[in-house]
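Below is one structure, written out as structure tokens, with a few remarks after it.
Rule-based calculations on the coordinates, nothing more; no lab input. It should be emphasised that the depicted structure is a prediction, and the values quoted were computed from it without experimental measurement. Ideal geometry is used to build each Cβ from the backbone, glycine not excepted, and the neighbour counts take in all protein chains shown.
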Amino acid sequence: MSRPLVRPAEPADFAGVARLTVAAYETDGQLKGENGYAAVLADVAGRAADGEILVATDPATGELLGSVTFVRPGSRYAELCGPGEAEFRMLAVDPAAQGRGVGAVLVEACVARATELGCTALTICVRDGHAEAAHRLYRRRGFVRVPEQDWSPLPTVNLLSL
């Protein structure tokens, strides 16, 4: 497969983005015991209203392979970024496309977007005990843990800051 292409999501992509995001989180076990987070993940139009949805596609077929939400401070989905910074959330790769570099191109697109906007930092939170491949990807790209920013939106969910 050729390197996936990254572009801004269009409304016609939203249903596919919702499906692959929920599937990726379910496959990784991140929705067990969650009440309502699948609905948040599936609300792509809501995310698009408060941030930028980027999608990775197969250059030959146009098939959606993954997506990510890029946000700035003060938006509904910003959790940790402050003035002059950015954050990415809900990075998801279709389970059928995992291991093909899709996550890496989405992270690179977020880094490029943050650089383009002149951001001084780019952050991501990853659920503790899940998404080991994501942890490795972020470390390879130079993200480092910031333990003092770890937080828990629910008693059973610990988010690690990078």
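Model label points for V40 and S152, set 7 angstrom from Cα along the Cα-to-Cβ axis, are 1.6 nm apart.
Extension gain, R7-A96: 0.36 nm per intervening residue step, less the Cα-Cα distance, totals 30.0 nm. Note on T120 and R19: their simple-model spin labels are 4.4 nm apart, each label 7 Å out from Cα toward Cβ. Charged side chains reduced to their Cβ positions (Lys and Arg at +1, Asp and Glu at -1) give the chain a dipole of some 320 debye around its Cα centre. Would you please classify the overall shape of the range 90-162 from the alpha carbon gyration tensor, given that a ≥ b ≥ c denote the square roots of the eigenvalues, rounded means a/c under 1.5, and beyond that prolate means a/b larger than b/c while oblate covers the rest? In terms of gyration-tensor shape, oblate.
By its C-alpha gyration tensor, with a ≥ b ≥ c as the square roots of the eigenvalues, how is the range 30-100 shaped: rounded for a/c under 1.5, else prolate for a/b larger than b/c, else oblate? It is oblate, given that a/c is not under 1.5 and a/b is not larger than b/c.
Using θ = phi - 60° in the Karplus curve 6.51 cos²θ - 1.76 cosθ + 1.60, the 3J(HN,Hα) couplings for the range 48-60 round to 5, 6, 10, x, 10, 9, 10, 10, 9, 10, 6, x, 7 Hz; x is entered for Gly and Pro.
Could you sort the peptides 141-150, 69-78, 111-120, 16-25 by per-residue average Cβ neighbour count (10 Å cutoff), highest mean leading?
In decreasing order of mean packing, 141-150, 69-78, 111-120, 16-25 become 16-25, 69-78, 111-120, 141-150.
In the range 1-136, Cα pairs under 8 Å separated by at least six residues give a relative contact order of 26 percent.
Given N residues in the chain, what is its alpha carbon radius of gyration divided by 2.2 N^0.38 Å?
On the way: Rg = 14.6 Å, N = 162, 2.2 N^0.38 = 15.2 Å.
Dividing the Cα Rg of the chain by 2.2 N^0.38 Å gives 0.96.
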